[in-house]
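One structure coming up, written as structure tokens, with questions to follow.
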Amino acid sequence: MKRLNFTLDDDTVKLLDRLAKKYYKGNKSQTVRAALESLAAHQGHEGWVITGYTPTKADHDINCHSCGSEQNEGNVLFKPVFERGSSPSAIKSIPNEEWVECPSCLETK
């Protein structure tokens, strides 16, 4: 736990008190956390985030997700690893289509 020191205007303090009492048994920290999580979810920053890539050998011809270049069977490509998280680039659901990146695109990310 960390103590933060910041100033809120009177109306915001009243709102925080009211919401904390109504929904979180007076716990202001829990109220602020819920508000921030809700804001992130509504801003589209909550979802599935690419946290890395794993190498894979193509077992058929396929196109790179980023640049669209054709990749032949046997090429080493990279599949994204998805985890739940927060990011401006988060997506709402894991794509159904096969997603691979070519080495050139991966080096520029």
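The values are calculated or read from the model by the stated rules, or taken from the named source; none is laboratory data. Bear in mind the structure is a predicted one, so any value in this text is a computation, not a measurement. Cβ atoms come from the backbone with ideal geometry, glycine included; neighbour counts cover every protein chain shown. Surface areas here come from the heavy atoms of the whole protein model, side chains and all, with no ligands, DNA or RNA. Shrake-Rupley method; radii C 1.70, N 1.55, O 1.52, S 1.80 Å.
Let's see if you can work this out: charge +1 on each Lys and Arg Cβ, -1 on each Asp and Glu Cβ, no other charges. What is the dipole magnitude of the chain about its Cα centre, in debye to the nearest 20?
Charge dipole of the chain: 1160 debye, to the nearest 20.
Here's something else I'd like to know. Can you give the helix-only mean residue ellipticity at 222 nm for the chain, where every DSSP H stretch with n ≥ 4 adds -39500 (n - 2.57) and the sum goes over all residues, rounded to the nearest 500 deg cm²/dmol?
One gets -10000 deg cm²/dmol as the mean residue ellipticity at 222 nm.
What lysines does K14 reach when the alpha-carbon gap must be under 24 Å and sequence neighbours fewer than 8 apart in one chain are set aside?
Qualifying lysines at Cα under 24 Å: K2, K22, K25, K28.
Calculate what fraction, in whole %, of the accessible area of the chain sits on carbon and sulfur atoms when a 1.4 Å probe is rolled over the protein chains.
Solvent-exposed carbon and sulfur of the chain make up 50 percent of the total.
Here's another thing I want to ask about it. Mean separation of Cα pairs under 8 Å and 6+ residues apart, divided by the residue count of the chain: what relative contact order is that in percent? Mind showing how you got there, number by number?
On the way: 151 pairs, mean separation 26.5, N = 109.
Rounded, it is 24 percent for the chain.
A follow-up question, please. Ordering L8, L39, L77, L16 by accessible area with a probe of 1.4 Å, largest first, what comes out?
From most accessible down to least: L39, L8, L16, L77.
Expressed in nm to one decimal, what extension gain is obtained for the pair A58 and R33 from 0.36 nm per residue of sequence separation less their Cα-Cα distance?
Once the chain is fully extended between A58 and R33, it gains 4.6 nm.
If you take the beta carbon distance between K92 and E70 as r and set R0 to 35 Å, what does 1/(1 + (r/R0)^6) give as a FRET efficiency, to the nearest 0.05?
Efficiency, rounded to the nearest 0.05: 0.75.
With viscosity set to 1.002 mPa s and temperature to 20 °C, compute the Stokes-Einstein D of the chain, Rh being the Kirkwood radius across alpha carbon pairs; µm²/s, no decimals.
In µm²/s, the coefficient is 123.
Subtract the Cα-Cα distance of A40 and T12 from 0.36 nm times their separation in residues, and report this length gain in nm to one decimal.
Here the segment from A40 to T12 would lengthen by 8.2 nm.
Evaluate the distance, in nm, between pseudo-label points positioned 7 Å from the Cα of N5 and of R84 along their respective Cα→Cβ axes.
3.7
Highest GNM mean-square fluctuation, the chain, Cα pairs closer than 10 Å: which of N96, N63, N72?
It is N96.
Something else about it: Before I look further, what does region 18-109 give for accessible area per residue, probe 1.4 Å, in whole square angstrom? Walk me through the numbers on the way to the answer.
Numbers: 6580 Å² over 92 residues.
That works out to 72 Å² for each residue.
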